[in-house]
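Following: one structure in C-alpha cells, then a few remarks.
The values are calculated or read from the model by the stated rules, or taken from the named source; none is laboratory data. Treat the numbers as computed from the prediction; the structure is a model and nothing was measured. Using ideal geometry, Cβ is built from the backbone for each residue, glycine included, and neighbour counts are taken over all protein chains shown.
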Amino acid sequence: MRTDTSSSTPLTGASGFRFAIVYSRFNDAITSSLRDAARAALREAQARDEDVEVVSVPGAFELPQAARSIAETGRIDAVICLGCVIRGATPHFEYIASSVAHAIQTASADTGVPIAFGVLTTDTWEQAEERAGSGRDNKGFEAAAAAIEMAQLFRRWHPARS
C-alpha cells in the first residue's frame, strides 16, 4: 500500500534511515526536477541531509547498475532511481525502458534492498514535464515516498539490519 502523496498530510518516518538517490543526467532538465522533488520529500519526512547520498549516472541504462552497487554496500536502507526515457522514432525506447525496469526490479530482489522506480517513460517531452512539475505530483516525490514506506516495512521485517 503506497502513501497517498496527493494529500496535504506531511510525510514522516524517514529519520534514522539512509537513502540513495540515483538519477540520470540524460534529459537533465527533467531528471534534476525529479531529484529535487525526491530530496524535498525526504527532508519533509525528516531524513537528515547526511543520510541521503545523491549519485548521478550518464543515462537511464546505468541506473540499475549504480543502484545495485549502492545497495550491495549495506549502508543504504532504500534506493530511489530517477530517470527519463522519451519515445523517439526508433525501437530504442522499448529496449531501454523495459531493460531498466526489469534490471531495477532484479537488483532489488537480489540485494534485499528496496529500490523505488522513478523512471519516466513518456511519449513526449511535454508529458515528461507534466510528471516532473512542482509539488507532490512530481514522480520524484512519489518515488521517495514509496522508498520511505518500503524502508519502514523492511526494517519491521528485518530489524537486525538496522
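Which residue, of THR73, THR111, is modelled with pLDDT of 95 or more, of a type in the set (S, T, N, Q), closer than 24 Å to GLY13 by Cα and touching an Asp or Glu at 6+ places or on another chain (Cβ under 7 Å)? Exactly one of THR73, THR111 is modelled with pLDDT of 95 or more, of a type in the set (S, T, N, Q), closer than 24 Å to GLY13 by Cα and touching an Asp or Glu at 6+ places or on another chain (Cβ under 7 Å), namely THR111. Within the range 72-95, the residues that satisfy the criterion of being more than 23 Å from ARG155 (Cα to Cα) and out of contact with any helix residue (DSSP H, G or I) (no Cβ under 7 Å at 6 or more places or on another chain) are GLY88, ALA89, THR90, PRO91, HIS92, PHE93, GLU94, TYR95.
Within the range 78-107, residues that are basic (Lys, Arg) have Cβ atoms under 6 Å from residues that are buried (at least 18 other Cβ atoms within 10 Å of the Cβ) in no pair, counting only partners at least 6 apart in sequence or on another chain.
Given the options SER98, SER69, name the one that is closer than 26 Å to ARG155 by Cα and surrounded by fewer than 17 Cβ atoms within 10 Å (Cβ to Cβ).
Values: SER98 fails: closer than 26 Å to ARG155 by Cα.
Going through SER98, SER69 in turn, just one is closer than 26 Å to ARG155 by Cα and surrounded by fewer than 17 Cβ atoms within 10 Å (Cβ to Cβ): SER69.
If a residue has to be in a helix (DSSP H, G or I) and more than 13 Å from ILE148 (Cα to Cα) to count, how many in the range 27-56 make the cut? The qualifying residues number 12.
Within the range 33-56, residues that are polar (S, T, N, Q) reach partners that are outside any loop (DSSP other than H, G, I, E, B) and at pLDDT 95 or above with beta carbons closer than 6 Å, at six or more positions or on different chains, in the pairs SER56/TYR23.
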